[in-house]
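Structure, as C-alpha cells:
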Amino acid sequence: MLILLAFIIVFHITSAALLFISTIDNAWWVGDNFFTDVWRMCSRNTSTCMAITDQFGEYQSIQAVQAAMILSTIFCCVAFLVFILQLFRLKQGERFVLTSIIQLLSCLCVMIAASIYTDRHEELHKSSEYRIDVTEGQYGYSFVLAWIAFAFTLISGVMYLVLRKRK
C-alpha cells in the first residue's frame with residue numbers, strides 16, 4: 001500500500017509540474033526565428049519579446065486559454081492538498097472522491113485550453129499585430145506537455161476515484 005501511495009503522489013506531482021511548465025514556458029508555437037505562447041511572442045534574431053495584449057484580433061481566445069491553464073494548475077495543486085488532508089482525515093475504506101473531482105476539474109480545464117489553442121491556432125497567428133510572420137511554425141513542446149498533462153490528470157483523477165484508504 002505504501003508503494004501505491006508513493007506512486008500516486010509522484011504521479012500527481014509530475015502532473016502539476018507538467019501543468020506549470022506548459023503554462024509558464026514560452027513554446028506553444030515555434031518557428032525558425034520566433035517562439036510564442038499564450039503570454040508573449042519572442043524573436044530569436046533580435047532577442048525581443050512582445051506581450052500579447054488586447055490589440056490582437058484573437059485576444060479573447062488567448063485569454064480563454066490563459067484562464068483555463070491557470071485554473072487547471074490551481075485545481076491540480078488544490079487536489080494535492082485535499083488528498084494530503086483526506087489521507088489523514090478519512091476513515092478506513094472511504095474513497096478519495098473530493099480529490100478525484102478536483103483533479104478531474106483540472107483535467108477538464110487543461111483539455112479546454114489545449115482544445116481552444118488547437119482550434120484557433122491559425123487565426124491566432126495570422127494577426128497583423130505581430131512584428132514578424134508567425135504563420136509558418138509548428139506546435140512546441142509546451143503545447144505537447146499540456147496534452148500530456150491532460151492525460152496525466154485524467155489518469156490521476158480516475159486513480160483517486162478508485163483508491164480506497166486502507167491500513
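The numbers here are math on the coordinates, done by the rules we state, and not lab data. Note that the structure is predicted; figures quoted are calculated from it, not measured. As a convention, Cβ positions derive from the backbone with ideal geometry for all residues, glycine included, and neighbour counts pool all protein chains shown.
Can you figure out the FRET efficiency of S47 with C77, using R₀ = 30 Å and their beta-carbon distance, to the nearest 0.05?
FRET efficiency, S47 to C77: 0.40.
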Task: Amide proton proximity set for F34, modelled H, under 5 Å, gap of 5+ - done: R44
Task: Estimated inter-spin distance, Q63 and I9, nm [label 7 Å along Cα→Cβ] - done: 4.1 nm
TODO: Pop out the ³J(HN,Hα) list for the stretch 136-152 in order, Karplus 6.51 cos²θ - 1.76 cosθ + 1.60 with θ = phi - 60°, rounded to Hz; leave Gly and Pro as x.
DONE: 8, x, 8, 5, x, 5, 5, 5, 5, 5, 5, 5, 5, 4, 4, 5, 5
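Between Q55 and V97, what length comes free when the chain is fully extended (0.36 nm per residue of separation minus the Cα-Cα distance, one decimal in nm)? Mind dumping the intermediate values first?
Details: separation 42, 0.36 × 42 = 15.12 nm, distance 4.31 nm.
Separation in residues times 0.36 nm, less the Cα-Cα distance, equals 10.8 nm.
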- [ ] Give a residue-ordered list of calculated ³J(HN,Hα) values for the stretch 111-116 (Karplus: 6.51 cos²θ - 1.76 cosθ + 1.60, θ = phi - 60°; whole Hz; x for Gly, Pro).
- [x] 5, 4, 4, 5, 5, 4
Open item on the list: I need to check one value: relative contact order of the chain, counting alpha carbon pairs closer than 8 Å and at least 6 residues apart, in percent.
Closed with: 34 percent
Open item on the list: Mean-square fluctuation check for the chain, GNM, Cα pairs under 10 Å: which of M50, M111, M69 is largest?
Closed with: M50
TODO: Taking only Cα atoms and a 10 Å spring cutoff, compute GNM fluctuations for the chain and point out the largest among A149, A27, A17.
DONE: A17
Task: 222 nm mean residue ellipticity, helices alone, for the chain (DSSP H n ≥ 4; -39,500 (n - 2.57); rounded to 500) - done: -22500 deg cm²/dmol
TODO: Project the alpha carbons of the chain onto their principal axes and report the range along each, largest first, in whole Å.
DONE: 60, 26, 20
